[in-house]
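K.L.:
The following block contains the structure, expressed as structure tokens.
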Amino acid sequence: MTAESKPGVGLFVTCLADLFRPTVAFAAARLLRAAGCTVTVPPAQSCCGQPAYNSGDARGARRIAKRVVEVFSPYDFTVAPSGSCAAIIREHYPALLGDDPGLREKSQRLARRTYELTTFLADVRNFTAVDAAFNCTATYHDSCAGLRECGIHRQPRRLLQQVRGLTLREMADSDVCCGFGGTFCVKYPDISARMAGDKAHAIAQSGADAVLGGDLGCLLNIAGRIKRGGGGARVFHVAEVLAGMKGAAIGEGEGEGGGAK
Amino acid sequence: MRAAAQNNFPRRVQVALGNETLQRALGRARAGFQDKRRRAVGQVAEFERMRRAAKEIKNHTLTHLDFYLEKFADAVRANGGQVHWARTAGEARDIVVGICGAGGKKIAKGKTMVAEEIELNPALEKAGHEVTETDLGEYIVQLAGEAPSHIIAPAVHKTRGEVLELFARHHGAKKRGGDTAAIVAEARQVLREKFTGADIGITGANFLIAETGASVLVTNEGNGDLCSCLPPVHIVTAAIEKVLPTLEDLALFLRLLGRSATGQEISNYTTLYAGAKREGDADGPREFHLVLLDNGRSAMLGGEFRDMLRCIRCGACLNHCPVYGSIGGHAYDAVYSGPMGAVLTPLSAGLRVARDLPNACTLNGRCREVCPVDIPLPDLLRKHRMREFEQKLGGARGRLALVLWAFFALRPRLYQAAAGALLYLLKKTAGRRGALRKFPLAGGWTQSRDLPVPEGKTFLRRWARGER
Ligand code: SF4
């Protein structure tokens, strides 16, 4: 990579953005281009293997990890609009594939070059050209894997400060789990509901009218809980806001002002 | 064994979540513990360095555990104490019951989780002894006929009102009401008689010092000291991983323990028991016994759960666990609860009966973040899940879902086709609504939250068609 040539980013879409909210991935691509990168979306991607890995299916996880390493190795960087998917690739693939002599080096190399979107923009690209407006008081939920395994905390906040009209207001316990936890939320729905309820309460208490985060799993959980009667805050992925691409909030129908059932 | 009831975990969770008194007690405790720890840790700039040093000392000691244990046992004997090795909980029980001798003794007990682990109290009572817990929290759960629900705050699940009621019932007092100070004063009065009249004192140990043979006990009430000095016989029950090489190491661990456990710079009472009373000593027990418990620990040394042996039982992982904070300790139905309990219980009770515990966790990692010896608790819980999957202990439906997911994930074309069909169905059901209250097979999700409706087609399909 020469000084003039643009770094090539392979966009790891994440299965949840692919299925539930393509806008998040379109927003990520737009931001990466604005940050001077060329963006490629390898079509042979699906999932990072997290459901298998965290449910104890090491073999399934290893097979998926192997595929991801092969598909994403050609790019200068791999970027995902999700802290937990980035964390799996960065922190867990090397151990998962460590016994495979053909993949050990490759997985370590991929791990070093994989980033969550806001950390890549803020830390690697020093991106300061956010061009977006959103009149709101927003609060930020720190998703667990992103916070504790990728060190994501100040990066999204720093980027959001550049959004015109947006005021950040911290909620209590922003770093406490929302109760999503992948398959946890359907395996132990009672505990999960309780944790999601606590999170919705903290959001409502903060007085913010929008809640933002970097992981769609958590955001679907939080939005679903708020819709079921946990306040009126609207939920968006941070990428949508930064790219100025926010349409209807998560869980809100087209043309719905929010809250309709 | 209590473990037999493990398969009722979901039921116990429901009970706990529906118990308003418990929820009040948990909410208050959680906030208190977390604030205090945050403040105490914030005061020391080198906390992370201390943590790393502690981890190294523990790892080193575990690598040479046989050496340090022998050294410790020699030192205890040189100090006039007797050392007993117990391979199992049953052996440990028999040893303690044997030391206590003929029935009818009055036994004053300080806090010891090892005694809970070996189910000592029932054995002593069966042998005809009268056992009184002297730690206030332990005393409260003893009166209530319950087990501790937290390793350092045994009665954390009780509100003040419940404690006052218990005391009124057991102490015969008529008065109701009173603040925490009144509770402590009342307990102190009752317990003082127990100390002075005790034949035998039993305590645990937070650390064992190989260099000097000292057993170290940390308390905030000083009750441990009264258990050890006043009765003529003192028995310490401790697990083998408690050993530390030197007194200098101890200084580091005391600083970490106090701050991590209760947010104190150091606990109120730290006592080093050196052994039996010698000629010229002002006080001390006539006999000093040390019961060293293995109970599966040496087997952990060579395995994938070795890191767990660093645990100093500070309780920080419980205090910061959102699952523990929601359901409390009794829902785990085991001696150890919270994240550390979810790692330990399947090892002692078997993964088959305790399989819910490692699964009932979001792997959010807060426990590891606060653990003073950096135990990778989420990784250890995940290891349990891997064993469970290998041994096919989980439900068939969950397994099928995983296998199907992996199958599709590895076949992007098929995956996209299946996803397209599913999204079409969801969209069709939802119409113009943005979220669904119900959807087939999504009951676990929709029971307590709406299901946000997907936008429509998958991103990959739209991108392939040139949309940007
Ligand atoms: S696992 Fe760590 S945080 Fe939990 S009790 Fe043990 S030492 Fe404390």
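The values are calculated or read from the model by the stated rules, or taken from the named source; none is laboratory data. Everything numeric here is computed off the predicted structure, so don't read it as measured data. So basically every Cβ, Gly included, is an ideal-geometry build from the backbone, and we count neighbours across all protein chains shown. Keep in mind that these areas ignore ligands, DNA and RNA; they rest on the heavy atoms of the full protein, side chains included. Shrake-Rupley method; radii C 1.70, N 1.55, O 1.52, S 1.80 Å.
K.L.:
Evaluate segment A:203-210: report whether one residue or more is among the charged types (D, E, K, R) and closer than 23 Å to A:Ala17 by Cβ.
P.N.:
Checking segment A:203-210: not a single residue is among the charged types (D, E, K, R) and closer than 23 Å to A:Ala17 by Cβ.
K.L.:
Let me confirm something: among B:Gly90, B:Gly103, B:Gly98, which residue is over 30 Å from B:Leu247 (Cα atoms), modelled with pLDDT under 95 and either in the same structural domain as B:Lys277 (by TED's automatic domain parsing) or in contact with an Asp or Glu (Cβ under 8 Å, 6 or more places away or on another chain) (or both)? Spell out how you get there, then give the answer.
P.N.:
On the way: B:Gly90 fails: modelled with pLDDT under 95; B:Gly98 fails: modelled with pLDDT under 95.
Exactly one residue qualifies, and that residue is B:Gly103.
K.L.:
Filter segment B:418-434 down to the residues that are more than 7 Å from every other protein chain (Cβ to nearest Cβ) and of a type in the set (Lys, Arg), then identify the one that is least open to solvent (accessible area, probe 1.4 Å).
P.N.:
Selected residue: B:Lys427.
K.L.:
Test A:Phe72 against the criterion of being over 17 Å from the mean Cα position of the chain (by Cα), more than 20 Å from A:Gly217 (Cβ to Cβ), assigned by TED's automatic domain parsing to the domain that holds A:Arg33 and not basic (Lys, Arg), and give yes or no.
P.N.:
yes
K.L.:
To continue, here is another question. Just checking, does segment B:395-411 include any residue being crowded, with 16+ Cβ neighbours inside 10 Å, over 30 Å from A:Ala44 (Cα atoms) and either away from the ligand (no atom under 15 Å from the Cβ) or free of Cβ contacts under 8 Å to residues at least 60 places away in the same chain (or both)?
P.N.:
Within segment B:395-411, none of the residues are crowded, with 16+ Cβ neighbours inside 10 Å, over 30 Å from A:Ala44 (Cα atoms) and either away from the ligand (no atom under 15 Å from the Cβ) or free of Cβ contacts under 8 Å to residues at least 60 places away in the same chain (or both).
K.L.:
Between B:Thr270, B:Thr180, B:Thr203, which is among the polar types (S, T, N, Q), assigned by TED's automatic domain parsing to the domain that holds B:Val96 and loosely packed, with under 15 Cβ neighbours inside 10 Å?
P.N.:
B:Thr180
K.L.:
So which residues in segment A:178-197 are open to solvent by less than 10 Å² (accessible area, probe 1.4 Å) and at the interface with chain B (Cβ under 7 Å from one of its Cβ atoms), if there are any at all?
P.N.:
A:Gly179, A:Phe184, A:Cys185, A:Ile191, A:Met195, A:Ala196
K.L.:
Here is a follow-up. Give segment A:198-224 a look and list any residue that's within 11 Å of chain B (Cβ to nearest Cβ) and farther than 21 Å from B:Phe33 by Cα, or say none.
P.N.:
Residues satisfying the conditions are A:Ala200, A:Leu216, A:Gly217, A:Cys218, A:Leu219, A:Leu220, A:Asn221, A:Ile222, A:Ala223, A:Gly224.
K.L.:
Mind listing whichever residues of segment B:116-165 are more than 21 Å from B:Val323 (Cα to Cα), among the polar types (S, T, N, Q) and either outside any loop (DSSP other than H, G, I, E, B) or within 16 Å of the ligand (Cβ to nearest atom) (or both)?
P.N.:
Of everything in segment B:116-165, those that are more than 21 Å from B:Val323 (Cα to Cα), among the polar types (S, T, N, Q) and either outside any loop (DSSP other than H, G, I, E, B) or within 16 Å of the ligand (Cβ to nearest atom) (or both) turn out to be B:Asn121, B:Thr132, B:Gln142.
K.L.:
Next up: If B:Ser448 passes every condition in (1) part of a helix (DSSP H, G or I); (2) surrounded by 15 or more Cβ atoms within 10 Å (Cβ to Cβ); (3) facing chain A (nearest Cβ under 10 Å) but one, which one does it miss?
P.N.:
Evaluating B:Ser448 over (1) part of a helix (DSSP H, G or I); (2) surrounded by 15 or more Cβ atoms within 10 Å (Cβ to Cβ); (3) facing chain A (nearest Cβ under 10 Å) leaves (1) as the failure.
K.L.:
Can we say B:Ser228 is within 14 Å of B:Asn206 (Cβ to Cβ), within 16 Å of the ligand (Cβ to nearest atom) and assigned by TED's automatic domain parsing to the domain that holds B:Ala198?
P.N.:
no
K.L.:
Another question about this same structure. If only one of B:Cys361, B:Cys317 is within 14 Å of another protein chain (Cβ to nearest Cβ), within 16 Å of the ligand (Cβ to nearest atom), open to solvent by 10 Å² or more (accessible area, probe 1.4 Å) and assigned to a helix (DSSP H, G or I), which one is it?
P.N.:
Numbers: B:Cys361 fails: assigned to a helix (DSSP H, G or I).
After ruling out the rest, the residue left standing is B:Cys317.
K.L.:
A follow-up question, please. Do you know which of the residues in segment A:39-55 that are within 8 Å of another protein chain (Cβ to nearest Cβ) and touching a residue at least 60 places away in the same chain (Cβ under 8 Å) is least open to solvent (accessible area, probe 1.4 Å)?
P.N.:
Filtering segment A:39-55 down to residues within 8 Å of another protein chain (Cβ to nearest Cβ) leaves A:41, A:43-47, A:49, A:51-55.
Okay, now just the ones that are also touching a residue at least 60 places away in the same chain (Cβ under 8 Å), so A:51, A:54-55.
Values: A:Pro51: 42, A:Asn54: 33, A:Ser55: 14 Å².
Only one residue fits best here, namely A:Ser55.
K.L.:
Within segment B:320-330, which residues are within 14 Å of chain A (Cβ to nearest Cβ), away from the ligand (no atom under 13 Å from the Cβ) and open to solvent by 10 Å² or more (accessible area, probe 1.4 Å)?
P.N.:
The answer is B:Pro322, and nothing else.
K.L.:
Please go through segment A:1-25 and pick out each residue that is more than 7 Å from chain B (Cβ to nearest Cβ), in contact (Cβ under 8 Å) with a residue 24 or more places away in the chain and of a type outside the set (D, E, K, R).
P.N.:
A:Met1, A:Pro7, A:Gly8, A:Val9, A:Gly10, A:Leu11, A:Phe12, A:Thr14, A:Cys15, A:Leu16, A:Val24 - these are the residues of segment A:1-25 that are more than 7 Å from chain B (Cβ to nearest Cβ), in contact (Cβ under 8 Å) with a residue 24 or more places away in the chain and of a type outside the set (D, E, K, R).
K.L.:
So is B:Pro339 modelled with pLDDT of 95 or more, within 10 Å of the ligand (Cβ to nearest atom) and assigned to a loop (DSSP other than H, G, I, E, B) or not?
P.N.:
No, not satisfied.
K.L.:
Restricting segment B:133-148 to residues that are touching a Phe, Trp or Tyr at 6+ places or on another chain (Cβ under 9 Å) and surrounded by 20 or more Cβ atoms within 10 Å (Cβ to Cβ), which is farthest from B:Val184 (Cα to Cα)?
P.N.:
Taking the candidates together, the pick is B:Glu133.
K.L.:
Oh, and also: Of all the residues that make up segment A:218-242, how many are open to solvent by 10 Å² or more (accessible area, probe 1.4 Å) and outside any helix (DSSP H, G or I)?
P.N.:
Within segment A:218-242, residues that are open to solvent by 10 Å² or more (accessible area, probe 1.4 Å) and outside any helix (DSSP H, G or I) number 7.
K.L.:
Looking at segment B:364-392 only, could you name the residues that are open to solvent by 30 Å² or more (accessible area, probe 1.4 Å) and either in contact with a strand residue (DSSP E or B) (Cβ under 7 Å, 6 or more places away or on another chain) or more than 14 Å from the ligand (Cβ to nearest atom) (or both)?
P.N.:
Result: B:Lys383, B:Met386, B:Arg387, B:Phe389, B:Glu390, B:Gln391, B:Lys392.
K.L.:
Does segment A:114-134 include one or more residues that are crowded, with 22+ Cβ neighbours inside 10 Å, touching a Ser or Thr at 6+ places or on another chain (Cβ under 7 Å) and in the same structural domain as A:Ala27 (by TED's automatic domain parsing)?
P.N.:
Scanning segment A:114-134, I find at least one residue that is crowded, with 22+ Cβ neighbours inside 10 Å, touching a Ser or Thr at 6+ places or on another chain (Cβ under 7 Å) and in the same structural domain as A:Ala27 (by TED's automatic domain parsing), so the answer is yes.
K.L.:
Tally the residues that are within 15 Å of the ligand (Cβ to nearest atom) and under 30 Å from B:Asp35 (Cα atoms), restricting the search to segment B:257-308.
P.N.:
So the answer is 11.
K.L.:
Considering each residue of segment B:377-404, count those that are within 11 Å of chain A (Cβ to nearest Cβ) and closer than 30 Å to B:Arg52 by Cβ, and give that number.
P.N.:
Residues that pass the stated criteria total 9.
K.L.:
Among the residues of segment A:60-118, how many are in contact (Cβ under 8 Å) with a residue 24 or more places away in the chain and assigned to a loop (DSSP other than H, G, I, E, B)?
P.N.:
Summing the residues that are in contact (Cβ under 8 Å) with a residue 24 or more places away in the chain and assigned to a loop (DSSP other than H, G, I, E, B) in segment A:60-118 gives 9.
K.L.:
Output the number of the condition that A:Thr139 fails; it satisfies all remaining conditions of (1) within 14 Å of chain B (Cβ to nearest Cβ); (2) closer than 24 Å to A:Gly247 by Cβ; (3) not in a helix (DSSP H, G or I).
P.N.:
All conditions are met except number (1).
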